[in-house]
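Engineer: Handing you this structure, nothing more for now.
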Amino acid sequence: MNQNKSIAIVIVLGFALILGLFSVYTVNERQKAILLRLGEIEKSEIEPGLHFKIPFINNVRKFDSRILTMDAEPETFLTAEKKNVVVDAFVKWQITDAAEFFTSMGGDERLANVRLSQIIKNGLRDEFGKRTIQEVVSGERAEIMDILVTSADKQVEEFGMDVVDLRIKRIDLKGDISEAIYRRMEAERTRVANDLRSLGAEEAERIRADADRQRTVILAEAYREAEQLRGEGDATAAKTYATAFEKDPEFYALYRSLGAYRSSFRSKNDMLVIEPDADFFRYFADPKGTAK
């Protein structure tokens, strides 16, 4: 009898323990939670901490309240030029209203990512269709992202979600378009390079012509100064010679004749046909120059 009573007490205590475990739940700071009563929302916006519920009647659904990432698959879009571009983007979003999120998405993050992905794709298609390749690649890329964040945030607000940010990771062109653009860019760069070479050659010719002109001017001025100095030197020398020779004209005549003899008979093969009594031999036989 006592044994049966002990077993009954253990069973009751076990049931009470299980009932107690099913009567409490916790919500941490990284979560949002809603309390359901037979599948209907009884309470939302539950604060973090320890809470109580009615077992088997109440149910608790918890959701991640941190910023989540939806990495969309690369998609092909048409630009205003009817050119295909492959766009790879990702979205940062967050659950702001757990009750709305549960009602609209069934609390399924995967379903929320699918819906958000479709919204972003539609927005990218609209924005890329209004712009050229040049504008979407560099000119208005930041503007496109801002527009999409604002638009998507309004659309998902009714789902209890908030779009925090959107980033376009990369924009690629199809193979044939990329090749055509690269050829056009190469031709453009080649044209610019040729223009720069032409300007450089023109500048080089101008500098070379200026240098040649300066060289000619410098040489002409140097030659003029040299001739002037040479003339002045010759004049000074002539004046000096004249002054010296005036002191002894006979010696000057002898000196000039000796110089003529030296120049005329430098080699044994030199020959001079002249009369012996010519004035050339005036000092040849007589140093005083009196002989004929």
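The values are calculated or read from the model by the stated rules, or taken from the named source; none is laboratory data. Just so it is clear, the structure is predicted and the values come from calculations on it, not from any experiment. Please note: Cβ atoms are built from the backbone with ideal geometry, for glycine as well, and neighbour counts cover all protein chains shown.
Engineer: Do you know which of the residues in the stretch 81-100 that are charged (D, E, K, R), outside any loop (DSSP other than H, G, I, E, B) and within 26 Å of Ala33 (Cα to Cα) is nearest to the chain's Cα centre (by Cα)?
Structural biologist: Within the stretch 81-100, the match that is nearest to the chain's Cα centre (by Cα) is Lys92.
Engineer: With the structure loaded, tell me whether Ala33 is out of contact with any Pro (no Cβ under 6 Å at 6 or more places or on another chain) and at pLDDT 80 or above or whether it fails that test.
Structural biologist: When the stated conditions are applied, Ala33 passes them.
Engineer: Could you list, in sequence order, all residues of the stretch 214-249 that are at pLDDT below 75 and either touching a Gly at 6+ places or on another chain (Cβ under 7 Å) or loosely packed, with under 11 Cβ neighbours inside 10 Å (or both)?
Structural biologist: Glu246, Lys247, Pro249 - these are the residues of the stretch 214-249 that are at pLDDT below 75 and either touching a Gly at 6+ places or on another chain (Cβ under 7 Å) or loosely packed, with under 11 Cβ neighbours inside 10 Å (or both).
Engineer: What single numbered condition from (1) buried (at least 17 other Cβ atoms within 10 Å of the Cβ); (2) at pLDDT 90 or above fails to hold for Ile144?
Structural biologist: (2)
Engineer: Is there a residue being exposed (fewer than 11 other Cβ atoms within 10 Å of the Cβ), modelled with pLDDT of 75 or more and not hydroxyl-bearing (Ser, Thr, Tyr) anywhere in the stretch 12-29?
Structural biologist: Yes.
Engineer: Still on this structure, I have one more. Here is a list of conditions, (1) among the β-branched types (Val, Ile, Thr); (2) under 29 Å from Ala142 (Cβ atoms); (3) assigned to a helix (DSSP H, G or I), and Thr103 meets all of them except one; can you say which number that is?
Structural biologist: Among (1) among the β-branched types (Val, Ile, Thr); (2) under 29 Å from Ala142 (Cβ atoms); (3) assigned to a helix (DSSP H, G or I), the lone unmet condition for Thr103 is (2).
Engineer: Can I ask one more? Can you name the residue in the stretch 122-150 that is assigned to a helix (DSSP H, G or I) and in contact with a Lys or Arg (Cβ under 7 Å, 6 or more places away or on another chain) and is also farthest from Gln94 (Cα to Cα) among such residues?
Structural biologist: Ile133
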